[in-house]
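Accompanying notes for the structure given below.
The values are calculated or read from the model by the stated rules, or taken from the named source; none is laboratory data. Treat the numbers as computed from the prediction; the structure is a model and nothing was measured. Using ideal geometry, Cβ is built from the backbone for each residue, glycine included, and neighbour counts are taken over all protein chains shown. The protein model used for the area step is the full one, side chains on, heavy atoms only, and it has no ligands, DNA or RNA in it. Shrake-Rupley method; radii C 1.70, N 1.55, O 1.52, S 1.80 Å.
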Amino acid sequence: SKAEAALGFNTAIAMSQGHGKPDLEFDVDFEFAEQTGEAEVQVSGGMKGDWTNAAGIKGFTLENPFMSVGINESGSFDMLIDGTILIGSEKIRAAADMVLSPEAAGLPTAFAFAGEINKLAFNTLANHAKKHAAQKGGGFKNMNAEFKDVAFAYMTPGAHLPADLEEELSIEGAGMALKGTL
């Protein structure tokens with residue numbers, strides 16, 4: 001198009017989780033894109049199924065995560081992960097993006113975190129924490145409270161989020177947003 005040009009291909013990749021664990025399968029896109037005068041090589045993919053103990057974190061499960069890594073002509077890496085986190089039987093959709101730049105010695109120069117929660121009871125959250133971490137004083141006691149229809153975001157300039165989350169929260173480019181019911 002006038003605004004963007006891209007060339008790429010799609011394939012499937014299996015990634016080993018280690019001895020005795022099933023391989024993770026990804027549908028992966030490799031793409032070279034030019035948009036608004038900036039060129040970027042990007043690898044992105046959606047995983048088939050659930051990733052249990054994701055990134056080696058015990059008790060952390062992602063359902064059907066989407067991940068992308070891009071590098072532009074300045075050498076900056078843009079890494080995004082988007083998926084559904086399981087806390088007990090509750091599902092929380094979360095996305096995070098981080099841009100690492102050579103001019104900042106590889107440190108993050110942009111960051112975004114956003115998500116959606118349909119319903120999450122405090123007791124479910126407290127039980128999940130008790131299961132996976134030692135808490136002083138036994139942690140939170142029973143509370144009859146829950147979050148409903150929550151959407152949240154924090155985004156610095158230069159970071160990106162999935163378009164549906166940016167639209168849901170009316171956030172463009174940078175800012176903070178929160179909506180929901182307690």
Next on the checklist: Just to confirm the filter: which GluC sites (Glu not before Pro) across the stretch 33-104 are DSSP coil and have at most 12 other Cβ within 10 angstrom of their Cβ?
Outcome noted: 73
Checklist entry - In Å², what does the accessible area per residue of the stretch 55-182 work out to with a 1.4 Å probe? => result 59
Checklist entry - Against the longest alpha carbon principal axis of the chain, how many degrees, from 0 to 90 and to the nearest 10, is the axis of helix 122-132 turned? => result 80
Checklist entry - In the stretch 131-170, with Lys and Arg counted as +1 and Asp and Glu as -1 at Cβ, which of these residues, 156, 142, 170, has the Cα nearest the positive end of the dipole, that is, farthest along it? => result 142
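Tell me which trypsin sites (Lys or Arg not before Pro) from the stretch 76-157 have a DSSP coil assignment and no more than 16 other beta carbons within 10 Å of their own.
Answer by residue number: 141.
Can you tell me the dipole magnitude for the chain around its Cα centre, using point charges on the Cβ only (Lys, Arg +1; Asp, Glu -1), in Debye to the nearest 20?
Dipole size: approximately 1440 debye.
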Checklist entry - Which shape class applies to the stretch 14-165: rounded if a/c is under 1.5, otherwise prolate when a/b exceeds b/c and oblate if not, where a ≥ b ≥ c are the square roots of the Cα gyration tensor eigenvalues? => result prolate
Checklist entry - In whole percent, how big is the carbon plus sulfur part of the accessible area of the chain, probe 1.4 Å, protein atoms only? => result 58
Checklist entry - What is the Cα centroid distance between the stretch 149-182 and the stretch 15-55, reported in whole angstrom? => result 23
Item to check | Label zone at residue 79, where the point sits 7 Å out along the Cα-to-Cβ direction: the stretch 25-69 residues whose backbone N lies under 12 Å | outcome: 55, 68-69
